[in-house]
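S.K.: The structure is given below, and queries will be raised subsequently.
The values are calculated or read from the model by the stated rules, or taken from the named source; none is laboratory data. Please read all numbers here as calculations on a predicted model, not as lab measurements. No Cβ is skipped: glycine too gets one built from the backbone with ideal geometry, and neighbour counts run over all protein chains shown.
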């Protein structure tokens, strides 16, 4: 078969008939690698080899056992209730965060009921064995393959008839069809596409571990994220807490997240988030600038502690420091308080933190955040038996939020006596034994919690407007 030589840019995949010092497409220097290309068209997808006749939507079937359950509830929760057959999943995270550990634990559990292959391009079989012993994994059915050549991997997959495949990692895979350098955009797109096609064609599952950039995004072209069915991010809170979030999920919600704790025996799932996010205090009074907030994420409600601190701006320009709650949310809530409650924040630096390190995106926490900022600014503590939930409008109104009953139930289970929330839903005591205090405006919420709206602040905080 006649071949010709082409030069392919390792950075963007641009092709040139002869070597060039600088890529005309992306501008990268010394990025061209020599490659042999057959004049015969290359088959880009194995799925194309199979003739599939079109059918009507009514003729399509879903099957009774479309999902594989991993045995780890937090993983199944994030994936929408289990791992969908025929799907491709990509999970990314910082080096050393525990991606390989989580995938090895998952693969070992699934191997109890299905045929599973763990492919490693970064570790030897001996290293994987040592890690499994350290984690207490005693699976005798989990198979391991240490290989980086995609053609060899696909051959093994075809012969082995595996149900579940873990690849650690996609950046180590190479195919002679697109060069010999691993991790290039072309290699990533080609290898990811071929593995995704194999999973869909045979109704199997491929789970690919991916490296991330310094910005925390999956390394490589954005195309690979479009190819796969699900994209997961494995995050660290700066402690031993690990969080799995879905950035994309064709078979479930992206609002779910899974919680794990890194221990000597590996990653242990956390089924009760309050044990991590709530601080136990011996006294009955909570210090100023602290509140307990009911957060609704995905299908569950849990309580977290939000802390706030306000200090005079040293440079004359106020700043907001918050990496767990969007700074735009803090800025908007502070502006609402300044406008409607006559308490000045524009000359103060604002610090906001969430205990446990989890990131909050729920709009239903805005009323509680407002009360926390007000408490921090005035030095008046929030009573320990009061909890609040609601969304704030720019006009100062308290708006309805999702799953109010679930938030109320969680508050009742932890002994809160008063639940401050949007008015017009229910008043007085309910069946949970907690008093429902409805409020229409932020000023009413301040009065319900603190007794009155005050513009007074400690002298060292300056004069409010």
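S.K.: Being within 17 Å of residue 295 (Cβ to Cβ) and at pLDDT below 95 narrows it down to one residue among 424, 356; which is it?
M.R.: Values: 424 fails: within 17 Å of residue 295 (Cβ to Cβ).
It is 356.
S.K.: Which of the residues belonging to region 221-238 are touching a strand residue (DSSP E or B) at 6+ places or on another chain (Cβ under 8 Å) and farther than 26 Å from residue 323 by Cα? Walk me through it before giving the result.
M.R.: Initially, region 221-238 is screened for residues touching a strand residue (DSSP E or B) at 6+ places or on another chain (Cβ under 8 Å), giving 224-225, 227-237.
Scanning region 221-238 gives 224, 227, 228, 229.
S.K.: Given the residues 327, 310, 299, which is the only one that is outside the structural domain of residue 252 (by TED's automatic domain parsing), under 22 Å from residue 452 (Cα atoms) and either out of contact with any helix residue (DSSP H, G or I) (no Cβ under 7 Å at 6 or more places or on another chain) or touching a residue at least 60 places away in the same chain (Cβ under 8 Å) (or both)?
M.R.: 310
S.K.: Tell me, which residue of region 287-300 that is crowded, with 23+ Cβ neighbours inside 10 Å and in a strand (DSSP E or B) is farthest from the chain's Cα centre (by Cα)? Explain how you work it out, then say what you get.
M.R.: Our first condition is that a residue be crowded, with 23+ Cβ neighbours inside 10 Å; within region 287-300, this holds for 289, 291-295.
When the remaining residues are screened for being in a strand (DSSP E or B), the result is 291-295.
Numbers: 291: 25, 292: 23, 293: 20, 294: 19, 295: 16 Å.
Going through the qualifying residues, I end up with 291.
S.K.: Hey, another quick one. Enumerate the helices (runs of 4 or more DSSP H) found wholly within region 84-175, keeping only those where 2 or more residues are closer than 20 Å to residue 192 by Cα.
M.R.: 99-110, 150-160
S.K.: Regarding region 363-381, can at least one residue be identified that is touching a strand residue (DSSP E or B) at 6+ places or on another chain (Cβ under 7 Å), touching a residue at least 12 places away in the same chain (Cβ under 8 Å) and over 23 Å from residue 277 (Cα atoms)?
M.R.: Among the residues of region 363-381, at least one is touching a strand residue (DSSP E or B) at 6+ places or on another chain (Cβ under 7 Å), touching a residue at least 12 places away in the same chain (Cβ under 8 Å) and over 23 Å from residue 277 (Cα atoms), which makes the answer yes.
S.K.: Select from region 396-416 the residues that are in contact (Cβ under 8 Å) with a residue 40 or more places away in the chain, more than 26 Å from the chain's Cα centre (by Cα) and part of a loop (DSSP other than H, G, I, E, B) and write down the one among them that is surrounded by the most Cβ atoms within 10 Å (Cβ to Cβ).
M.R.: Only one residue fits best here, namely 416.
S.K.: Which pairs turn up if I take residues in region 128-143 that are at positive phi and look for partners that are surrounded by fewer than 17 Cβ atoms within 10 Å (Cβ to Cβ) with beta carbon separation below 7 Å, at least 6 apart in sequence or on another chain?
M.R.: Going by the 7 Å Cβ cut-off, the qualifying pairs are 136/265.
S.K.: What are the residues in region 196-220 that are out of contact with any strand residue (DSSP E or B) (no Cβ under 9 Å at 6 or more places or on another chain) and surrounded by fewer than 16 Cβ atoms within 10 Å (Cβ to Cβ), if any?
M.R.: 203, 213, 214, 215
S.K.: Search region 133-146 for residues being modelled with pLDDT under 95 and either within 18 Å of residue 267 (Cβ to Cβ) or touching a helix residue (DSSP H, G or I) at 6+ places or on another chain (Cβ under 7 Å) (or both), and hand back the single one that is surrounded by the most Cβ atoms within 10 Å (Cβ to Cβ).
M.R.: This residue is 137.
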